[in-house]
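Heads up: the structure comes next, in structure tokens.
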Amino acid sequence: MDPLEILGSKSRLQILRALSKRDLYVSEIMEIARMDGKTCKHHLDRLERAGLISSRMEGRRKYYSLKKEVLLHIAPSPNRRYEVHFTDI
């Protein structure tokens with residue numbers, strides 16, 4: 001999956017921003033990102049498939065954590081670069 005496609009969603013960016021602060025369980029992510037459970041799960045699944053986040057169960061709660069660092073490089077002329085990199089934390 002194209003890194004820009006993954007980051008092209010405001011909802012996924014909100015989730016990544018929240019997870020950069022601490023691990024969260026699904027209900028917390030839903031509240032922070034202001035989305036319903038089905039939509040939240042869709043975005044979490046895409047981020048997990050892309051390898052940006054990971055999940056673990058603690059009792060009945062599923063916690064998500066950030067797994068990679070996201071770096072965006074944009075440079076003007078003469079280099080004209082637009083790159084996104086995901087690196088392990």
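Criterion first (under 17 Å from Ile15 (Cα atoms), among the aromatic types (Phe, Trp, Tyr), touching a helix residue (DSSP H, G or I) at 6+ places or on another chain (Cβ under 9 Å) and part of a strand (DSSP E or B)) does Tyr64 satisfy it?
Working: under 17 Å from Ile15 (Cα atoms): yes; among the aromatic types (Phe, Trp, Tyr): yes; touching a helix residue (DSSP H, G or I) at 6+ places or on another chain (Cβ under 9 Å): yes; part of a strand (DSSP E or B): yes.
Yes, satisfied.
Being modelled with pLDDT under 95, part of a helix (DSSP H, G or I) and either of a type outside the set (Phe, Trp, Tyr) or over 25 Å from Glu83 (Cβ atoms) (or both): is that true of Leu72 here? Quick ask: steps written out before the conclusion?
Details: modelled with pLDDT under 95: yes; part of a helix (DSSP H, G or I): no; either of a type outside the set (Phe, Trp, Tyr) or over 25 Å from Glu83 (Cβ atoms) (or both): yes.
So Leu72 fails the test.
Which of the residues belonging to region 19-37 are part of a helix (DSSP H, G or I) and under 15 Å from Glu48 (Cα atoms)?
Residues satisfying the conditions are Leu19, Val26, Ile29.
Step by step: first the residues of region 23-45, then only those that are over 16 Å from Tyr63 (Cβ atoms) and more than 12 Å from the chain's Cα centre (by Cα), then the one that is surrounded by the fewest Cβ atoms within 10 Å (Cβ to Cβ). Which residue is that?
Ranking the candidates gives Lys38 first.
Only one of these conditions is not met by Cys40: (1) touching a strand residue (DSSP E or B) at 6+ places or on another chain (Cβ under 7 Å); (2) modelled with pLDDT of 95 or more. Which number is it?
(1)
Would you check which residues across region 53-89 are charged (D, E, K, R) and within 29 Å of Gly37 (Cα to Cα) and list them?
Filtering region 53-89 for residues charged (D, E, K, R) gives 56, 58, 60-62, 67-69, 80-81, 83, 88.
Of everything in region 53-89, those that are charged (D, E, K, R) and within 29 Å of Gly37 (Cα to Cα) turn out to be Arg56, Glu58, Arg60, Arg61, Lys62, Lys67, Lys68, Glu69, Asp88.
Tell me, which residue of region 62-72 that is charged (D, E, K, R) and more than 19 Å from His42 (Cβ to Cβ) is surrounded by the most Cβ atoms within 10 Å (Cβ to Cβ)?
Just the residues of region 62-72 that are charged (D, E, K, R), to begin with: 62, 67-69.
From the residues that got through so far, the ones that are more than 19 Å from His42 (Cβ to Cβ) too are 68-69.
Working: Lys68: 17, Glu69: 12.
Out of the qualifying residues, it is Lys68.
Report, by residue number, each residue of region 38-61 that is more than 24 Å from Phe86 (Cα to Cα), among the charged types (D, E, K, R) and not in a helix (DSSP H, G or I).
Glu58, Arg60, Arg61
The values are calculated or read from the model by the stated rules, or taken from the named source; none is laboratory data. What you see is a predicted model, and the numbers here were worked out from it, not measured in a lab. Positions of Cβ are generated from backbone atoms using ideal geometry, with glycine treated the same way; all protein chains shown enter the neighbour counts.
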